[in-house]
Amino acid sequence: MSSFDSYLATVPDRQKAALERIRQIVRRTVPDAVEATSYGMPAFKYKKRPLLGFEVSKNHLSVFPFSPAAIDAARGTLAGFDLSKGTIRFTPEKPIPEPALEQLLRQRLREIEGE
């Protein structure tokens with residue numbers, strides 16, 4: 001079992017389903033992304049660089065695209081979500097829209113490719 005799967009095994013089912021949805025979107029959008037740990041959290045990496053991480057908190061789930069520019073790129077599709085410089089907070093009842101996740105990933109890929 002990977003560390004990614006080990007983390008998900010500790011998450012309540014409702015939250016786990018929301019994170020599995022994100023996992024599938026990342027796999028479909030960035031097939032070369034690898035599951036890893038970055039900054040102490042489960043994350044996807046692309047070309048050994050952090051692409052997207054996530055964590056479960058008591059009252060919400062968080063996605064970390066490791067880039068304020070990625071959040072800015074998707075801001076228009078994230079109305080009503082709790083955003084900060086590097087975090088998007090959501091709940092299983094109000095998941096991040098797939099187009100927003102795809103925008104985050106595309107922006108982060110551009111940044112990684114340009115580094």
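The values are calculated or read from the model by the stated rules, or taken from the named source; none is laboratory data. Please read these numbers as outputs of a predicted model, since none were measured by experiment. Neighbour counts run over all protein chains shown; Cβ positions are idealised from the backbone, glycine included.
Where residues in the range 6-22 are of a type in the set (D, E, K, R) and touching a residue at least 12 places away in the same chain (Cβ under 8 Å), which of them is farthest from Ala74 (Cα to Cα)?
Applying the first criterion (of a type in the set (D, E, K, R)) to the range 6-22 yields 13-14, 16, 20-21.
If we keep only those that are touching a residue at least 12 places away in the same chain (Cβ under 8 Å) as well, we get 14, 20-21.
Numbers: Arg14: 25, Glu20: 21, Arg21: 18 Å.
The qualifying residue farthest from Ala74 (Cα to Cα) is Arg14.
Would you please list the contacts, defined by Cβ atoms under 7 Å and residues six or more apart or on different chains, that run from a residue in the range 32-55 that is of a type in the set (Ser, Thr, Tyr) and modelled with pLDDT under 95 to a residue that is surrounded by fewer than 20 Cβ atoms within 10 Å (Cβ to Cβ) and not in a strand (DSSP E or B)?
Taking only residues 6 or more apart or on different chains, the pairs are Thr37/Ser3.
Please tell me if Ala43 is surrounded by 17 or more Cβ atoms within 10 Å (Cβ to Cβ), assigned to a strand (DSSP E or B) and in contact with a strand residue (DSSP E or B) (Cβ under 8 Å, 6 or more places away or on another chain). So that I can check it myself, show each step before the final result.
Details: surrounded by 17 or more Cβ atoms within 10 Å (Cβ to Cβ): yes; assigned to a strand (DSSP E or B): yes; in contact with a strand residue (DSSP E or B) (Cβ under 8 Å, 6 or more places away or on another chain): yes.
In short, yes.
Does Lys16 satisfy the condition of being farther than 22 Å from Gln107 by Cβ, buried (at least 16 other Cβ atoms within 10 Å of the Cβ) and basic (Lys, Arg)?
So Lys16 passes the test.
Condition first: crowded, with 20+ Cβ neighbours inside 10 Å and either in contact with a Cys (Cβ under 6 Å, 6 or more places away or on another chain) or within 24 Å of Asp13 (Cα to Cα) (or both). Now tell me which residues in the range 82-107 satisfy that. Spell out the reasoning first.
Of the range 82-107, the ones crowded, with 20+ Cβ neighbours inside 10 Å are 88, 90, 96, 100-101, 103-105.
Scanning the range 82-107 gives Ile88, Phe90, Ile96, Ala100, Leu101.
For the range 1-40, give me each residue that is aliphatic (A, V, I, L, M) and in a loop (DSSP other than H, G, I, E, B). First the steps, then the outcome.
So in the range 1-40, the residues aliphatic (A, V, I, L, M) come out as 1, 8-9, 11, 17-19, 22, 25-26, 30, 33-34, 36.
Once the filter is applied, which keeps residues that are aliphatic (A, V, I, L, M) and in a loop (DSSP other than H, G, I, E, B), the range 1-40 yields Met1, Val11, Val30, Ala33.
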